[in-house]
Amino acid sequence: MTAENEATGHNVSRRELLKRVILGAATVVPASFVTGATSAQESFETLTSAEAATLEAIVARLIPTDENGPGATEARAAYYIDRALGDALAPSREAYSAGLAAVDALARRTKNAAFARLAPQEQDDILREMESGNTEGFTPNSSTFFELVRTHTLEGTFCDPHYGGNASFVGWDLIGYPGIRIVVTADHQRLGQSPRPLHRSAYDFERFVKEVLRRDR
Amino acid sequence: MTVRLEKTDVVIVGLGAVGGVAALPLTTAGLEVTALEAGTWLSRADFAPDELRNNVRGWPRSAQKANKEIPVHRPNASAPDSPRQSVHPMMNAVGGTSLHYWGLSFRLNPWDFKVASETRRRYGASRIPKGSTVEDWPFDLAELEPYYDHTEYALGISGQAGNIRGKIDARGNIFEGPRQRAYPMPPLRGTGFTDLMASAARRLDWHPFPGPAAVNSEPYENRAACVYHGFCSRGGCHVGAKSSTAVSTIPKAQATGHLNVVTEAHVIEISVNDDGGVNGVTYLKNGESYFQPAGVVLLATYTYENVRTLLLSKSKAYPNGLSNNHGQVGKHYLSHNTGAGVLALFPSSLNTWYGLPAQGIAVDNWADDNFDHADLDFIGGGNLWVYTERHPIAAAKMNTFGRAPRWGSRWKAFIKENADRWTGSYLQKTTFPYEENYLDLHPTVQDPLGFPVCRITADFKDNEKRAAAFIQDKMVQWFKEAGAIETVRQSIGTMGPTTHAYGGTRMGDNADTNVVDRWGFSHEAPNLGILGASVMGTSGAHNPTLTAQALAWRTAAHLIGNWRTISS
């Protein structure tokens, strides 16, 4: 068998399998972000409820819901992080356990309440302390954990909705990203043009659904 | 127990950007070629426009041999190891990293082939950076031109010629050496942003030109034109418009009937005869061990793995590693000085969400020796490059130019307004080889098979730092002329694992200072050829891939013409 046949055979058999999987996946995947209103506590899979409450409170301050519209809460960034910690971000699971516990301990020590129960300005005080790296109780230090959460919150707010974040495309709409287009015209690239925002995941395009199969295998 | 396979004429280790080019002339000449590739075939369905997967998480991760042997860096021989990267800069697949590279396909400029002699002639020997081991290439640009031409047409490169047989065309790069004919395709289209930058460069009396790209600007052969969808960087092409070897030279080589592609083949050793010639390659596939005998071995992995494979292939004839009896394997290493970029903030949207990094505007006025260095404190320079393609996570991670905090409501208001008003630049600057910069095997860090990984000992020296500062000045000037309201200079960083890694098996006539001869064959093991930027002794100011590909074609052509004397 030549290499070319080998490659073709590989694809054909997978395509058949794919058709069956996609019928299910296509209905399941979008549903995960359409139902953005679901209580996050009900759907966390990796974090404990105490960890989830602290994380939700942090992401809500990093990218707040305000006069400029929805933030990380509506994007379901904490939900994205929770899912990813059981998957691609699994190596960070320990850092979250230790870090979130340290945030809460810091809040109780300095403000006499769990982080999630503090007023927004008090939460911001604590986050600024963490960012500066001067706070004790974190390994190796608080700024490392702050940067980790900030990085993942940005991912969860601006990623493809396939991953459970950027729910209802609130992240892309915030920064004016006009969305995934398979063909882009010269007009789309002119100064002063604002291409009409498209709200589609990469995996809403049938040509890329193979990846869904791999992920679910 | 190792399965001994039937002998083939040529075995190519690594069917990527360079192995995938060499396979075409070899098989067209009727030689039987077996290509051993650590990765698999990928199809268009693998190339989803997904920033998180491609750019943030370093797709593809699964079954990536490279990610299990990421080189470890330290800045110098007495410094501790730097934190290890989590993703290898290169990928394994048929077509290799040419599947997801930017595809910028510049030729080198004439000066890059004779940096040492030209610097001595124009400025005096004292101007060669202290500690540098730079040598002239064993030939000049004219010698490589026919192979650049073959490669550009076989792959499919779009671009605007600047010098056809000595006739200068100001629409292209006026500093390029003579080429025999135009590119096979016109350049990629411009955008509002690239037009803005080109106009500003002209006002400065510079010579902007659209960059040459391994991307179809119009249908080429049986492949579609680029659709500019904005996921080209670290993403494969879903319409087949990127001229990766996987869709150009490799299928053409397969059509000859002389190319046998073995995927998921993990090569662990090149074997030698008592006379010092090589006789084949041992590889692992699906838990089995195979020996593939061959008349000629072409090592075509990547700079780090080329060096590592040689150093791991020890024998009675080569106790310090294959082709290393002169102690030159791993020496003369350099990685392109591409840090020290410049970021710019503009007063209105640039509309660069779409496009691709190869859709841009270059300026070579400050590259190489295109300007007088008599009163400067460095040699060389850089290519200035601005381009399109912006992804949402990267846009949100933008530098705040000192105008906002890094989170909270004020930050959110800032990125809402400015996510599409900033841009970066890609500044490729001259890097010299130095005695102190080299590759070897790490004493303790191993891959899952227990083999040591490659260790990089390298850092930028004064010449590189001064060239970088000078080029940043020029880039700031260009952005300001185009209307930027803020600029930020990024740090030069250090020389960790990169996609632009050169040397380690340098090419030259002198066997005491070079691993391969002027044709790319080992000075010590005459039927071992080495392909890739690991044979290049200078970086120039342009992306390495096209030059490495032209050199691979030239090595293959030399092998075809001298088959009886080289093969065993």
Item to check | Total formal charge among the other residues, if their Cβ is under 14 angstrom from that of residue A:93, Lys/Arg +1 and Asp/Glu -1 | outcome: -4
Checklist entry - A plus B alone minus the pair: what accessible area, both sides summed, probe 1.4 Å, in Å² to 100? => result 4700
Checklist outcome for this item: For the protein assembly as shown, the Kirkwood Rh over every pair of distinct alpha carbons, in Å, works out to 27.5
Checklist entry - Which lysines, on any chain, are close to residue B:461 with Cα under 17 Å apart, when same-chain ones fewer than 8 places away are left out? => result B:130, B:331, B:429
Checklist entry - For region B:5-11, what does the Karplus curve 6.51 cos²θ - 1.76 cosθ + 1.60, with θ = phi - 60°, yield as ³J(HN,Hα) per residue in whole Hz, taken in order and with x for Gly and Pro? => result 8, 6, 5, 10, 5, 10, 10
Checklist outcome for this item: Taking Lys and Arg as +1 and Asp and Glu as -1, residues besides residue B:198 with C-beta under 12 Å from its C-beta add up to +1
Checklist entry - Out of residues 5 or more away from residue B:337 or on other chains, whose amide H comes under 5 Å of its own, with H placed 1.01 Å from N in the peptide plane? => result B:429, B:431
Checklist outcome for this item: Output ordering of B:318-330, B:479-491, B:117-129, B:549-561 (per-residue mean of other Cβ within 10 Å, highest first) is B:549-561, B:318-330, B:479-491, B:117-129
Checklist outcome for this item: Across B:388-399, the residue-averaged tally of Cβ atoms belonging to other chains within 10 Å stands at 5
Next on the checklist: Given the whole protein assembly as supplied and a 1.4 Å probe, what does the accessible area of residue B:102 come to in Å², nearest 10?
Outcome noted: 60
Next on the checklist: Let me confirm one metric for peptide B:401-413, namely the mean number of other chain beta-carbon atoms within 10 Å of its residues' beta-carbons.
Outcome noted: 5
Next on the checklist: I need the peptides A:118-130, B:347-359 ranked by packing, meaning the mean over residues of other C-beta atoms within 10 angstrom, with the highest value on top.
Outcome noted: B:347-359, A:118-130
Checklist entry - Among A:178-189, A:56-67, how do they line up from the highest to the lowest mean number of other beta-carbon atoms within 10 Å? => result A:56-67, A:178-189
Item to check | Residue-averaged [θ]222 nm for chain B, counting only DSSP H segments that reach four residues, each worth -39500 (n - 2.57) | outcome: -6500 deg cm²/dmol
Checklist entry - HN-Hα J couplings of region B:302-309 from phi, Karplus 6.51/-1.76/1.60, θ = phi - 60°, integer Hz, Gly and Pro as x? => result 7, 3, 5, 7, 4, 5, 5, 4
Item to check | Accessible surface of region B:255-328, 1.4 Å probe, proportion on carbon and sulfur as whole % | outcome: 44
Checklist outcome for this item: Between residue B:491 and residue B:180, the two model label points (7 Å from Cα along the beta-carbon direction) sit apart by a distance in nm of 4.9
Item to check | Carbon/sulfur fraction of accessible area - region B:343-500, other protein chains in place, 1.4 Å, % | outcome: 46
Next on the checklist: Explain nothing, just compute: Karplus ³J(HN,Hα) = 6.51 cos²θ - 1.76 cosθ + 1.60, θ = phi - 60°, for every residue of region A:200-206 in order, whole Hz, x for Gly and Pro.
Outcome noted: 9, 7, 3, 8, 7, 8, 4
Item to check | Burial of 40 Å² or greater, region A:169-200 residues [accessible area, probe 1.4 Å, versus chain by itself] | outcome: A:174, A:175, A:177, A:182, A:184, A:189, A:191
Checklist entry - So, in Å, what gap is there between the alpha-carbon centers of region A:91-142 and region A:38-90? => result 16
Next on the checklist: Per 0.36 nm of contour for each residue apart, how much would the distance between residue B:291 and residue B:171 grow if the chain were fully extended, relative to their Cα-Cα spacing?
Outcome noted: 38.0 nm
Next on the checklist: What does the charge count around residue B:117 come to, taking other residues whose C-beta lies under 10 Å from its C-beta (Lys +1, Arg +1, Asp -1, Glu -1)?
Outcome noted: +1
Item to check | Proximal lysines to residue B:412, defined as alpha-carbon separation beneath 20 angstrom and excluding residues fewer than eight positions away on the same chain | outcome: B:397
Checklist entry - Given a cut-off of under 8 Å on Cα pairs at least six residues apart, what relative contact order in percent is computed for chain B? => result 23
Item to check | Sequence-distant residues sharing a close amide H with residue A:113 (under 5 Å, placed H) | outcome: A:108
Checklist entry - Measuring from the lowest to the highest alpha carbon on each principal axis, how far does chain B reach, largest first, in angstroms? => result 68, 56, 51
Item to check | Folded to 0 to 90 degrees: helix B:141-155 orientation relative to chain B principal axis, Cα | outcome: 90
Checklist entry - Using a 1.4 Å probe on protein heavy atoms, which residues of region B:46-86 have at least 30 Å² less accessible area in the complex than alone? => result B:46, B:48, B:49, B:50, B:52, B:53, B:57
Next on the checklist: Can you give me the accessible area per residue for chain B, using a 1.4 Å probe, in Å²?
Outcome noted: 33
Checklist outcome for this item: The percentage of the accessible area of region B:148-227 (probe 1.4 Å, all protein chains present) made up of carbon and sulfur atoms, to the nearest whole number, is 52
Checklist outcome for this item: Each residue of B:181-193 has, on average, a number of other protein chain C-beta atoms within 10 Å of its C-beta equal to 2
Checklist entry - According to a simple spin-label model (label point 7 Å from Cα along Cα-to-Cβ), what is the distance in nm between residue B:513 and residue B:120? => result 0.8
Checklist entry - If you stretched the chain out fully between residue B:375 and residue B:568, how much longer would it get, using 0.36 nm times the residue separation minus the C-alpha to C-alpha distance? => result 64.1 nm
Next on the checklist: If DNA, RNA and ligands are ignored and the probe is 1.4 Å, what is the ranking of A:159, B:237 by accessible area, most exposed first?
Outcome noted: B:237, A:159
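The values are calculated or read from the model by the stated rules, or taken from the named source; none is laboratory data. All figures in this text were calculated on a predicted structure; none of them were measured in a lab. Note that each Cβ is placed from the backbone with ideal geometry, even for glycine, and that neighbours are counted across all protein chains shown. For the accessible areas, the whole protein counts, side chains as well, though only heavy atoms, and no ligand, DNA or RNA atoms are used. Shrake-Rupley method; radii C 1.70, N 1.55, O 1.52, S 1.80 Å.
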